[in-house]
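Read the structure below first, then the notes.
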Amino acid sequence: MAYTEEELKKELETKEYEYGFYTDIESETFPVGLNEDIVVAISRKKEEPEWMTEWRLEAFKAWKEMDEPEWANVQYAKPDFQAISYYSAPNSKPKYDSLDEVDPELLDTFKRLGISLDEQKKLAGVAVDIVIDSVSVATTFKKTLAEKGIIFCSISEAIKEHPELVKKYIGSIVPQKDNFYAALNSAVFSDGSFCYIPKGVRCPMELSTYFRINQAGTGQFERTLVIADEGSYVSYLEGCTAPSRDENQLHAAVVELIALDDAEIKYSTVQNWFPGGKDGVGGVFNFVTKRGLCEKNAKISWTQVETGSAVTWKYPSCILKGDNSIGEFYSIAVTNNYQQADTGTKMIHIGKNTRSTIISKGISAGKSQNSYRGLVQVNSRAKNARNFSQCDSLLMGNECGAHTFPYIEVKNKTAQIEHEATTSKIGEDQIFYCNQRGIETEKAIALIVNGFSKEVLNKLPMEFAVEAQKLLEISLEGSVG
Amino acid sequence: MLKINDLHARVEDKDILKGINLEVNAGEVHAIMGPNGSGKSTLASVIAGKEEFEVTQGNVVLDGEDLEDDAPEERAHKGIFLSFQYPVEIPGVSVTNFMKTAINESRKARGLEDMPAKEMLKLIREKSEMLEIDRKFLSRSLNEGFSGGEKKRNEIFQMAMLEPRLAILDETDSGLDIDALRIVANGVNKLKSKDNAVVVITHYQRLLEYIVPDFVHVLHNGKIVKSGGKELALELEEKGYDWIKNEAVV
Ligand SMILES: Nc1ncnc2c1ncn2[C@@H]1O[C@H](COP(=O)(O)OP(=O)(O)OP(=O)(O)O)[C@@H](O)[C@H]1O
Ligand SMILES: [Mg+2]
C-alpha cells in the first residue's frame, strides 16, 4: 500500500470514533433550561441539606452575572445553556448490592467499552466507582478502604454522610465564582466522587472512577473532591469514553485536591470523549477546572492523557502554598481532524523552596489546533522557588497547528525558571525505516508517538499506561503526512 | 532468489536508475560499487519498496514473484533487509522495544503468536554478544545520539535479530573503526548461509577483504556498467572509476 501525503490524509479522515454507540437506558431527565427552580430541584432530588442548596443558589447567582470566557485559542458555537437538561439519572435509583441487579444493558455498555465491572473487580488493587450519567450505580472495594478509615464514595453520599468534611473543603480551592464554568458546575453539579484519606494512611490501591456521558443533550457536571490528610498518600485515576452524538455535549467538571502537610496526591486522567466527526460536527465540549492545594512538604502530581473532545479547555493547577511543596504536571494532548485543545497548567509558588515540573507533549494531526498555555507564578515570599517546563509538539501533516503560550510572572529574585520547547514532525523517513523492519505504517506511527510521549506515559500507573497507549494508537490511526 | 529486470526508477521527474539488470542467488555475496550519486542507495531503496521512487520500467522479482504491489513492510516480511546508509532516529523508542515490535509484526504477518519474552531476551543476548554490543546500549533511544559507527553496528544487530533472506548493506563500513569493521564483518559472515544472500554497497576494498564477494558490479549513472569477480574491486581501488566511465561511453 502506498502512503503518499494525500492518501495518508484521506485515511486519517476516515477514522471514526471507536466507541460511537448509544445505550438505551430509561432515564429520568429534567426539562431543559436553567433557573433557580431547577437548581433547587436538583438539590431536592438529591436530598441535600439546606446549606448545600444555599451554596448552589449562591453559585447560580454569580454565574448569571458572568460571561463565557473568550481568551482561549479555541473557536466553537457557544452552547445554549437554556437548551440543556441539567439532571439525568439512570432509572434504577437504589444502589445495587451485586452486579446481578444492575441493568444488563448497562453492563453490556461497560463490556463494549472494555471496562466490564467483573473484569475490573478482578483487577487486583483497583477500586471502581462508576458514574454513568449523573448517579453512581456501583461501588466496589469499599470495605477494604473503610478498614483504613478511607472514605471513597459519590459526592452526593458524602454530602449526606460526611457534611463536616464537604462543608469545610468544597469550594475552598475552586470557589463558586472562580470562573464561568466553575460557577455553573457549582450550581448544578449532578454527582462525582469524594475521597478522604486519614492522617498517615497510605491508600493501598489505585482509586478509579469511570465517567460517561450517556444521555443525549444532558450536560454533565461532575464534582470531585479529594482530601489527603497530613502525611497520607493516594493515587486517583479518572478515565472516560462517551457515545457519539450529533449535537454538542457540554462537560464542565470541577476537581479540587487538598494535600495537607506531608501528604501526596497523584491524580491521573485518561480522557477519550467523542471528539466530533471527521467533518468537525458534534463532539464534547470539555471545560474543566482542576486545581490542587499543597500545604507544607506536600506534593500533587497531575498526569493527563487527552485524546477526546471537540473542544478542550483545561488547566490542572497547583497552588504551592506550603514551604517545600511540589507540583507536577505531565500531559499528553492529542488532537485530530477538527479538534481544538487549549490546555496546560498553572503553578503558583507561594511557599519557600517550592518546586514545580511541567512536561507537556502535544500531538496534532488533521486540521486540529493544539495549544499549550501555562503559567508559572512566583510570589514575593516564595524564596528559592524552582520551575522546569518542557513543551514538545509533534505535528502530522501541514494543516494542523501547535501553539505554545508560556506565561512567567516572577516576583522573587531567587527564583530559578527554566523553559524548553521543541516542535518536530513525523518524517516519511522514520515511517519508511519502520516499514523496512516489517512494521506497518499505523503501528509505526503509534510507536513514534509513544516514544515521543514516553516521559509522560511512564508517570501513569501501569494498567492506565496500557490503556493510554491503546488510546494514542486509536486516536491517530493512519495519520501522518 | 532476487532478479532485477531492466529496472528504471525516477524521483521528482529525475531519472536515476536507467535499466538495471541483476541476479542474486541464494548463498551468494554481491558487491556494488560506483561513484557518488550513481544510484546505489536508490537501487537499495527501490528494492525495499520506498514509495518516493517511481518505477517507470522493469521490475524486481523475489522468488519468482514480482514485488511491484508489495508495501515495504510486506517486502520485509518476505525477508528483505536494508542496512541504511543513514539510519533514522526515533526518539523515545528503545532499540529493544523497536526490535520487539519488528519481530512480532513479522511473526504476525506469518500468522504466528508474539515471541515469548524469554525467547526474545535470549535472542537479544545472543546477538548483542556476537556483535559485542553493550546491553545498556539497547535501552537507549533508537539511533538518537548514536555515533556514526554505533548506528552502523546497530543496523547489523537488527539484521542479526531479523535473520533476513536478502540483506542489502548500504555503506555499512563507512564510519566504522578498524576493530568495529572486523566485528561487524564477522557478524555478517556468521549469518551467511546457503539459503540467504548479501548485497554489499561499498566504496572500499577493505570491507570486501572480510566479506568476500562472489561478484562485483560497478554502477555508473544508473546502470551496471561492469561486472566481475572480487579482483575487480582491487582494480577499482587502484585505478579509480575513470577508465570504466570511459569504457562505458565507448
Ligand atoms: N529524493 C530525491 N530527490 C532528488 N534527487 C534524489 C533523491 N534521492 C536521490 N536523488 C539523486 O539521485 C542520485 C543517486 O543518489 P543515490 O543516493 O542513489 O547515490 P549513491 O550511489 O548511493 O551515492 P553515494 O555513494 O554518495 O551514497 C543523486 O544524484 C541524488 O542526488
Ligand atoms: Mg548511497
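Residue by residue through the stretch A:268-284, which ³J(HN,Hα) values in whole Hz follow from phi under the Karplus form 6.51 cos²θ - 1.76 cosθ + 1.60 (θ = phi - 60°), with glycine and proline marked x?
Values, residue by residue: 10, 10, 10, 10, 9, 6, 3, x, x, x, 5, 8, x, 8, x, x, 8 Hz.
From the square roots a ≥ b ≥ c of the eigenvalues of the alpha-carbon gyration tensor of the stretch B:69-113, which class results: rounded (a/c under 1.5), prolate (a/b over b/c), or oblate?
Details: a/c = 2.56, a/b = 1.25, b/c = 2.05.
Verdict is oblate for the stretch B:69-113.
If the elastic network links every pair of Cα atoms under 10 Å, which of B:Ile80, B:Ile103, B:Ile168 fluctuates the most in the Gaussian network model of chain B?
B:Ile103
Output wanted: per-residue J couplings in Hz (rounded whole) for the stretch B:89-101, from phi through Karplus 6.51 cos²θ - 1.76 cosθ + 1.60, θ = phi - 60°, x for Gly and Pro.
Rounded to whole hertz, the list is 7, 10, x, x, 10, 6, 4, 4, 4, 4, 5, 4, 4.
With a 1.4 Å probe and all protein chains kept in place, how do A:Glu47, A:Glu264, A:Glu147, B:Glu89 rank by accessible area, largest first? Please list the in-between numbers first.
Numbers: A:Glu47 120, A:Glu264 55, A:Glu147 155, B:Glu89 80 Å².
So the residues, ranked largest to smallest area, are A:Glu147, A:Glu47, B:Glu89, A:Glu264.
List the residues whose amide H sits under 5 Å from the amide H of B:Phe146, counting only those 5 or more places along or on another chain, with H placed 1.01 Å from N in the peptide plane.
Hits under the 5 Å cutoff: none.
Using only protein heavy atoms and a 1.4 angstrom probe, determine the accessible area buried between B and A, summed over both sides, in Å² to the nearest 100. Let's see the in-between values first.
Working: alone 12670 and 18960 Å², together 29390 Å².
So the buried area, both faces added, is about 2200 Å².
Say we join alpha carbon atoms closer than 10 Å with springs in a Gaussian network model of chain B; which of B:Lys18, B:Lys230, B:Lys50 then has the biggest fluctuation?
B:Lys50
Given the whole protein assembly as supplied and a 1.4 Å probe, what does the accessible area of A:Ile359 come to in Å², nearest 10?
10 Å²
Mind giving me the FRET efficiency for B:Ser147 and B:Lys3? R0 is 35 Å, r the Cβ-Cβ distance, nearest 0.05 is fine.
Values: r = 37 Å, r/R0 = 1.06.
Calculated transfer efficiency: 0.40.
Any idea how far apart B:Gln57 and B:Glu12 come out in nm if each label point goes 7 Å out from Cα toward Cβ?
That separation, rounded to one decimal, is 2.4 nm.
Which pairs, out of B:Lys108/B:Lys151; A:Lys167/A:Lys361; A:Lys454/B:Lys50, put more than 32 Å between their alpha-carbon atoms? Don't skip to the answer; put the middle values down first.
Values: B:Lys108/B:Lys151 27 Å; A:Lys167/A:Lys361 37 Å; A:Lys454/B:Lys50 28 Å.
Check vs 32 Å cut-off fails for A:Lys167/A:Lys361.
Quick one: accessible surface of B:Phe215, probe radius 1.4 Å, all protein chains present, in square angstrom to the nearest 10.
That residue has around 80 Å² of solvent-accessible surface.
Can you sort A:Lys266, A:Lys346, B:Lys108 by 1.4 Å-probe accessible area, starting with the largest? If you can, show how the numbers build up before the last one.
Working: A:Lys266 40, A:Lys346 85, B:Lys108 120 Å².
Of A:Lys266, A:Lys346, B:Lys108, the descending order of accessible area is B:Lys108, A:Lys346, A:Lys266.
With a ≥ b ≥ c taken as the square roots of the eigenvalues of the C-alpha gyration tensor of the stretch A:419-481, please select rounded if a/c is under 1.5 and otherwise prolate if a/b is larger than b/c or oblate if it is not?
Working: a/c = 2.13, a/b = 1.31, b/c = 1.63.
Oblate.
Assuming R0 = 35 Å, what is the FRET efficiency of B:Ile178 and B:Leu123, from their Cβ-Cβ distance, to the nearest 0.05?
Numbers: r = 28 Å, r/R0 = 0.81.
Once the sixth-power term is evaluated, E becomes 0.80.
Pick from B:Ser193, B:Ser128, B:Ser227: which is most flexible by mean-square fluctuation in a GNM of chain B where alpha carbon atoms under 10 Å apart are linked?
Between B:Ser193, B:Ser128, B:Ser227, it is B:Ser193 that shows the largest mean-square fluctuation.
Considering only protein heavy atoms, what per residue accessible area in square angstrom results for the stretch B:89-234 with a 1.4 angstrom probe? Don't jump to the answer; show the numbers that get you there.
Numbers: 6710 Å² over 146 residues.
Per residue, the stretch B:89-234 has 46 Å² of solvent-accessible surface.
Considering amide H positions built from the backbone, and no H for Pro or chain starts, which residues 5 or more places from B:Val199, or on another chain, come under 5 Å of its amide H?
B:His30, B:Ala167, B:Ile168, B:Leu169
If you place +1 on the Cβ of every Lys and Arg, -1 on the Cβ of every Asp and Glu, and leave all else neutral, what size is the dipole of the stretch B:2-249 about its Cα centre, to the nearest 20 Debye? Before the final figure, lay out each step's value.
Values: 33 positive and 44 negative charges, 143 e Å.
It comes to approximately 680 debye.
If you count only protein heavy atoms and use a 1.4 Å probe, how large is the accessible surface of A:Trp71, to the nearest 10 Å²?
The accessible area comes out at roughly 130 Å².
Just from its helices, what would the mean residue ellipticity at 222 nm be for chain B, if runs of 4 or more DSSP H residues each count -39500 (n - 2.57) and the sum is divided by every residue, rounded to the nearest 500 deg cm²/dmol?
Details: 9 runs with 96 residues, N = 250.
Calculated mean residue ellipticity at 222 nm is -11500 deg cm²/dmol.
If I model a spin label at A:Trp71 and B:Asn21 as a point 7 Å from the Cα along the Cα→Cβ vector, what separation in nanometres do I get?
Those two pseudo-labels are separated by 7.4 nm.
Zone of A:Glu455 (label point 7 Å along Cα→Cβ, backbone N under 19 Å): which residues in the stretch B:142-158?
Output list for this probe position: B:142-146.
Which FRET efficiency value, to the nearest 0.05, do you get for B:Lys239 and A:Ile474 by plugging their Cβ-Cβ distance into 1/(1 + (r/R0)^6) with R0 = 56 Å? Don't jump to the answer; show the numbers that get you there.
Working: r = 59 Å, r/R0 = 1.06.
That gives a FRET efficiency of 0.40.
Modelled label-to-label distance, A:Met462 and A:Gln390, 7 Å Cα→beta-carbon offset: nm?
Result: 2.5 nm between the two label points.
Between A:Ala421 and residues 5 or more places away or on another chain, which pairs have amide H atoms under 5 Å apart, with H built 1.01 Å from N, and which residues are they?
Hits under the 5 Å cutoff: A:Cys391.
Residue-wise, which Karplus ³J(HN,Hα) couplings in Hz belong to the stretch A:176-184, taking 6.51 cos²θ - 1.76 cosθ + 1.60, θ = phi - 60°, and x for glycine or proline?
My calculation for the stretch A:176-184 gives 3, 8, 3, 7, 3, 6, 5, 5, 4 Hz in order.
Take the alpha carbon gyration tensor of the stretch B:4-72, find the square roots of its eigenvalues, order them as a ≥ b ≥ c, and report rounded if a/c is under 1.5; if not, report prolate when a/b exceeds b/c, else oblate. All intermediate terms of the calculation are to be shown ahead of the outcome.
Working: a/c = 1.79, a/b = 1.15, b/c = 1.56.
Taking the square roots of the gyration eigenvalues as a ≥ b ≥ c, the stretch B:4-72 is oblate.
The values are calculated or read from the model by the stated rules, or taken from the named source; none is laboratory data. For clarity, every value in this text was computed on a predicted model and none was experimentally measured. Positions of Cβ are backbone-derived with ideal geometry, glycine not excepted, and every protein chain shown enters the neighbour counts. The area values use the complete protein model at the heavy-atom level, side chains included, leaving out ligands, DNA and RNA. Shrake-Rupley method; radii C 1.70, N 1.55, O 1.52, S 1.80 Å.
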